[in-house]
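Before any comments, here is the structure.
What follows draws every value from the coordinates through simple rules; no lab data is involved. Remember, it's a predicted structure, so these values are computed and weren't measured experimentally. Cβ atoms come from the backbone with ideal geometry, glycine included; neighbour counts cover every protein chain shown.
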Amino acid sequence: MRLLLSSLFYRSPFENLQKHADKVKECAHLFKEAVVCHIGQECKTFDLLTEQVARMESDADDIKRNIRNHLPRGILMPVDKFQFFQYLREQDKVLDEVEEALFWLSFRPEGIPDEVAADIHHLVEVVVPPIERLSDLVALATEYFRSKSDAQRTKMKSLIRDIRQYEREADLLERELKFKIFGTIKDALLVFHLIRLVEHVGDIADHAQNASDRMRAMIAK
């Protein structure tokens, strides 16, 4: 019976966790496209892109609820259940922040000031890779918890370090951009809008790192 329950686990929570991570990756591409579109001020599909992100975020919420509501009580898990749900929570917060960043961006239909447009574009370029890597991380984790392969674990640790490095770079860019906004933008309302926008974009990378840290805890020996 123990083997049967274990095999059921391998086909259940991590399978749905992968579906959730894939939604995160899809949203990463749409997020980048929407920001570039908005900065360029010539794209007519920003609203359509944000609607697509909202639908994907809703789909991801359904997957999240399915994982939480249909995890059998007493099931044998190769990881701590609390850590598993912490990971899911942080991965889901990535999508929440993507949606929030686009919502905040929509408050200025006239676009981003030229003085900081390139910098915000650069910040988004740095934030997108760690979002995308979460899908790869879950795929590696699924295989690792089946095989307990040291080689697989090493790959996961390397990927986690990559995500952490992207977050550090994003954090540095966020601080530099805030200084630039305060130093170059004179309109107080615009300063507030840009600062909050930059914080929302930076939070995306923060939650991606938080998720990877939770995964690191799950594979700790």
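Each label point was placed 7 Å from the Cα along the Cα-to-Cβ direction; for ARG89 and SER147 their separation is 3.2 nm.
Binning all Cα-Cα separations of region 136-221 at 10 Å, short to long from zero, yields these whole-percent fractions: 17, 35, 22, 15, 9, 2.
Equivalent ellipsoid of the chain: semi-axes from √(5λ) of the C-alpha gyration tensor, largest first, are 36, 18, 13 Å. With R₀ fixed at 22 Å, the C-beta to C-beta distance from GLU125 to ARG55 puts the FRET efficiency at about 0.35.
Exposure proxy shown here: for MET215, MET156, the number of other Cβ atoms within 10 Å sets the order, fewest to most, as MET156, MET215. For the chain, the residue among LEU197, LEU102, PRO13 whose Cα projects farthest onto the positive side of the dipole built from Cβ charges is PRO13.
FRET efficiency for the VAL36 to ILE195 pair, using the beta carbon distance and R₀ = 30 Å, is estimated at 0.90.
Remark on the chain: CYS27 stand apart, with no other cysteine beta carbon under 4.7 Å. Label separation (GLU15 vs THR154): 3.1 nm, computed from points 7 Å beyond Cα along the C-beta direction.
GNM on the chain, C-alpha springs below 10 Å: top fluctuator among LYS44, LYS178, LYS64? Judging by the Gaussian network model, the answer is LYS44.
Dividing the helix sum by the residues of the chain, where each DSSP H run of 4 or more adds -39500 (n - 2.57), gives a mean residue ellipticity at 222 nm of -30000 deg cm²/dmol.
Counting every alpha-carbon pair across region 175-217, the share separated by more than 11 Å comes to 67%.
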